[in-house]
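I have placed the structure first, in the form of structure tokens, so that the comments after it can refer back to it.
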């Protein structure tokens with residue numbers, strides 16, 4: 001809802017979220033799927049080095065999503 | 001004697017709370033949790049099995065979860081499935097909705113669930129199942145159950161339904177042509193309504209047009225050289241929760257300085273969100289705001305500036321009006337700082 005309101009007012013926005021169908025259903029246009037509900041930005045079960053890499057990669061995907069052309073709610077992988 | 005299967009999550013399945021939200025589906029013979037109250041209200045039907053699945057497991061492994069549940073159902077003769085009630089719980093609403101959708105689409109048998117109007121599952125699944133309008137929390141279980149079971153009994157008996165409003169479920173988008181009792185034809189009634197509207201007199205629309213508001217996507221933006229902001233609905237707050245951000249139904253948010261920092265340290269932040277297991281975040285707050293990754297991308301030239309505060313609230317059962325207002329307020333602050341793009345992190 002907040003993502004939609006931000007975009008409605010002309011600010012580019014990307015949603016990093018786990019429950020993609022809910023985000024799509026409500027209408028966030030650019031969506032990146034996170035690792036888990038309780039651990040969005042990385043898998044907590046891997047090594048700290050790997051976790052850091054995962055966070056970097058996921059943020060990279062979010063930045064890429066901002067620069068991706070979409071016509072409606074879209075999951076960008 | 002008709003046979004019923006009930007679907008519940010780990011909490012109503014009496015296995016545990018958030019810490020058990022990752023359990024894989026299991027099939028139990030007999031009644032567990034709310035199935036007992038349901039059985040007491042059933043006419044000529046027996047609940048034979050209860051299926052239990054963790055909310056997180058269903059959310060993160062939907063295909064696998066549904067495959068398993070489908071396998072369970074293929075092995076049991078049943079006439080109807082009841083899921084939930086899910087009240088206002090978003091993940092549970094999603095879970096109940098998916099299972100109901102499976103039953104109606106694959107098994108072509110009726111599936112009934114119940115959710116509060118503000119549960120995102122309502123709009124997602126009301127066309128795939130009978131979603132009875134329910135209360136916001138389990139405190140309403142005793143009030144909601146008779147409504148759900150009245151519909152279940154009607155469906156089992158093959159009785160004709162009187163429509164969504166009369167039967168208490170959310171409209172499924174199915175139109176049934178019914179001759180209008182009362183004399184005037186539609187053309188006359190439409191003109192009467194228009195005349196009333198033009199005269200500023202009250203009128204009642206016979207059919208409410210529901211529309212999901214879509215926002216036209218903005219064109220893509222390359223943020224290299226641009227200013228970016230990060231905000232979160234994960235409930236991330238400094239330890240001690242100085243602004244007393246509530247665990248849900250937020251009407252205000254926090255604004256926390258992250259300045260030039262390139263990481264969030266464990267022990268300095270927690271999450272107060274009431275809708276998920278926050279112990280992971282306590283150990284590593286960067287699970288919620290990946291500040292080290294953001295900084296590295298900034299150093300690598302992928303954007304030039306990171307807004308020096310993180311806006312945070314717990315996006316748990318936020319009222320729509322409050323969500324819109326808070327987004328507008330935060331956006332105004334971003335605009336003052338010349339922000340070009342926003343990343344919203346949720347759970």
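Summary of values
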| read-out | value |
| --- | --- |
| Among residues of the range B:279-289, those that are touching a strand residue (DSSP E or B) at 6+ places or on another chain (Cβ under 8 Å) and either buried (at least 22 other Cβ atoms within 10 Å of the Cβ) or not assigned by TED's automatic domain parsing to the domain that holds residue B:253 (or both), counted | 4 |
| Verdict on residue B:83 being in a strand (DSSP E or B) and at pLDDT 95 or above | yes |
| Only one of B:109, B:126, B:91 that is within 12 Å of chain A (Cβ to nearest Cβ) and farther than 26 Å from residue B:16 by Cβ | B:126 |
| Hey, residue B:132 assigned to a helix (DSSP H, G or I), at pLDDT 95 or above and under 16 Å from the mean Cα position of the chain (by Cα) or not | no |
| Residue check, residue B:313 buried (at least 21 other Cβ atoms within 10 Å of the Cβ) and farther than 16 Å from residue B:234 by Cα | no |
| Selection status of residue A:44, within 7 Å of chain B (Cβ to nearest Cβ), surrounded by fewer than 19 Cβ atoms within 10 Å (Cβ to Cβ) and touching a helix residue (DSSP H, G or I) at 6+ places or on another chain (Cβ under 6 Å) | yes |
| Residue satisfying condition, being more than 7 Å from every other protein chain (Cβ to nearest Cβ) and within 15 Å of the chain's Cα centre (by Cα), within set A:13, A:59, A:20, A:70 | A:20 |
| Answer from B:54, B:71, B:30, B:75 - the residue that is farther than 25 Å from residue B:170 by Cα and within 14 Å of another protein chain (Cβ to nearest Cβ) | B:54 |
| Residue match in the range B:28-42 (condition: assigned to a loop (DSSP other than H, G, I, E, B) and touching a residue at least 40 places away in the same chain (Cβ under 8 Å)) | yes |
| Selection count, the range A:27-54, where residues are under 12 Å from the mean Cα position of the chain (by Cα) and either farther than 18 Å from residue B:62 by Cα or in contact (Cβ under 8 Å) with a residue 60 or more places away in the chain (or both) | 4 |
| Selection within the range A:2-46 - over 25 Å from residue B:286 (Cβ atoms) and part of a loop (DSSP other than H, G, I, E, B) | A:9, A:10, A:27, A:29 |
| Residue list for the range B:257-278, restricted to those being surrounded by fewer than 20 Cβ atoms within 10 Å (Cβ to Cβ), in contact with a strand residue (DSSP E or B) (Cβ under 8 Å, 6 or more places away or on another chain) and modelled with pLDDT of 95 or more | B:257, B:258, B:268 |
| Qualifying positions in the range A:61-76 - part of a helix (DSSP H, G or I) and within 16 Å of residue A:3 (Cα to Cα) | A:62, A:63, A:65, A:66 |
| Residue check, residue B:44 more than 14 Å from chain A (Cβ to nearest Cβ), touching a strand residue (DSSP E or B) at 6+ places or on another chain (Cβ under 7 Å) and surrounded by fewer than 17 Cβ atoms within 10 Å (Cβ to Cβ) | yes |
| Looking only at the range A:47-56, and only at residues there that are more than 8 Å from chain B (Cβ to nearest Cβ) and not in a loop (DSSP other than H, G, I, E, B), the one that is surrounded by the fewest Cβ atoms within 10 Å (Cβ to Cβ) | A:49 |
| Matching option when the condition is free of Cβ contacts under 8 Å to residues at least 24 places away in the same chain, surrounded by fewer than 11 Cβ atoms within 10 Å (Cβ to Cβ) and either within 9 Å of chain A (Cβ to nearest Cβ) or touching a strand residue (DSSP E or B) at 6+ places or on another chain (Cβ under 9 Å) (or both), among B:200, B:240 | B:240 |
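The values are calculated or read from the model by the stated rules, or taken from the named source; none is laboratory data. Note that the structure is a prediction, hence the values are computed from the model and not measured. Glycine also receives a Cβ, built like all others from the backbone with ideal geometry; neighbour counts cover every protein chain displayed.
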